[in-house]
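Working notes, structure below.
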Amino acid sequence: MIEMPKEVIDKCRAMPLINQLFITQMGFFPKALHHYYQRPTGMSQVILIYCTDGLGWVQVPKGRVQLQAGDLYAIAPGVPHSYAADPHNPWTIYWFHINGSACAESVWATLGNADQLPQTVRVVFSPERIALFDRIYDTFLNGYSQSNLLFANLTLPYFLASFVLPDNFRPKTRVAAPVSATDRAIQFMQDNLSRPVTLDNIAQSAHLSVSFFSRKFRQDTGYAPIEYFNHLRIQRACQLLHFSNLRVNEVAAQLGMDDPFYFSRLFKKQMGLSPAGYRKREGIQVTPQP
């Protein structure tokens, strides 16, 4: 999963090309046994769920909808809801949280009349659709520069179009690009999230001098290398806070940070709330450890 930092969401709201429809979270949950959420007051975003395998259900005030492989479903902003994977045949889902001034209208254009019991859109599985999802995901992994935010969020309507007009959806031939110094550096960062990393370490992984690498990396991603590394660490922290029972200090230790107070300050600076507040906002219940 990827969760956009608060400053990135604010940046999207200020960009005319995407401020009507942009992604705040996205993720892929394979065979998500025990996956369950309940939000009595709903959320401020649209939640879009695309099931590719297994079974699950979504409960809204107007009724319960069963989802199976091939189904796309959306939950409107402010609608109380709960959803869960089937305990015997849990779903595999690709999902988005979508915000923006026209997010609801855009999704209803995909799914139909929002005044009736929400219906699912069912389509034949398409590897190209999944490749498109991965392209959006990988673009965000490469940083939150203006060009990446534009590309990823302008690709979202194309992803939605694959459900509205599946017969018109055609794969585009893609030529694999050579691995750049920035790509090597990002891979090095991702492989070393659990330990302290210096700017010199990162530059060495890219086989460049520190000064030249720093300029090139900022040009490619919009961020200084250590700032970008901290974004990746907090992204990993969001995953650990979601999917583990680790205490906050243990999450910090998993990210190579000996000082949990520094970790909490860094998390709040990026996400706009503390790690504990993040778990509370997401409705995450942590099982006490013995």
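None of the figures in this text is laboratory data; all of them are computed from the coordinates on show. Computed from a prediction, not measured in an experiment: that's the story for all the values here. With ideal geometry, Cβ positions are generated from the backbone for all residues, glycine too; neighbour counts draw on all protein chains shown.
Just for the stretch 2-168, what percent of DSSP beta bridges are antiparallel, to the closest 5?
The answer is about 95 percent antiparallel.
Could you work out the relative contact order of the chain, using alpha carbon pairs under 8 angstrom and six or more residues apart, expressed as a whole percent? Worked out over the chain, it gives 16 percent.
A simple rule links phi to the HN-Hα coupling: the Karplus curve 6.51 cos²θ - 1.76 cosθ + 1.60 with θ = phi - 60°, which for the stretch 129-138 gives 5, 5, 4, 5, 4, 4, 5, 4, 4, 5 Hz, with x for Gly and Pro.
Cβ crowding within 10 Å, taken as a proxy for footprinting-reagent exposure, orders 271, 15 from fewest neighbours to most as 15, 271.
So in the chain, what percent of DSSP beta bridges are antiparallel if you round to the nearest 5? Looking only at bridges with both residues in the chain, the antiparallel portion is about 95 percent.
Here the Karplus curve 6.51 cos²θ - 1.76 cosθ + 1.60, taken at θ = phi - 60°, turns the phi angles of the stretch 43-59 into couplings of 10, 7, 10, 7, 9, 10, 10, 10, 9, 10, 6, x, 9, x, 9, 10, 10 Hz, with x standing for Gly and Pro.
Mind putting a number on the dipole of the chain about its Cα centre? Charges go on the C-beta only, +1 for Lys and Arg and -1 for Asp and Glu, and I need it in Debye to the nearest 20.
320 debye
Give the angle, between 0 and 90 degrees and rounded to the nearest 10, that separates the Cα long axis of helix 225-243 from the longest principal axis of the Cα atoms of the chain. Taking Cα atoms only, the helix is inclined about 40 degrees.
Taking every eigenvalue of the Cα gyration tensor of the stretch 142-274, multiplying by 5 and rooting it, what semi-axes result, largest first, whole Å?
For the stretch 142-274, the semi-axes come out at 30, 23, 13 Å.
Taken over the chain, lysine pairs spaced eight or more positions apart, or on distinct chains, with alpha carbons under 16 Å apart number 4. Angle check, please: helix 210-221 long axis (alpha carbons) against the longest principal axis of the chain (alpha carbons), in degrees 0 to 90, nearest 10. Approximately 10 degrees, to the nearest 10. Computed over the chain, the convex hull of the alpha-carbon atoms projects to a mean area of 16.2 nm².
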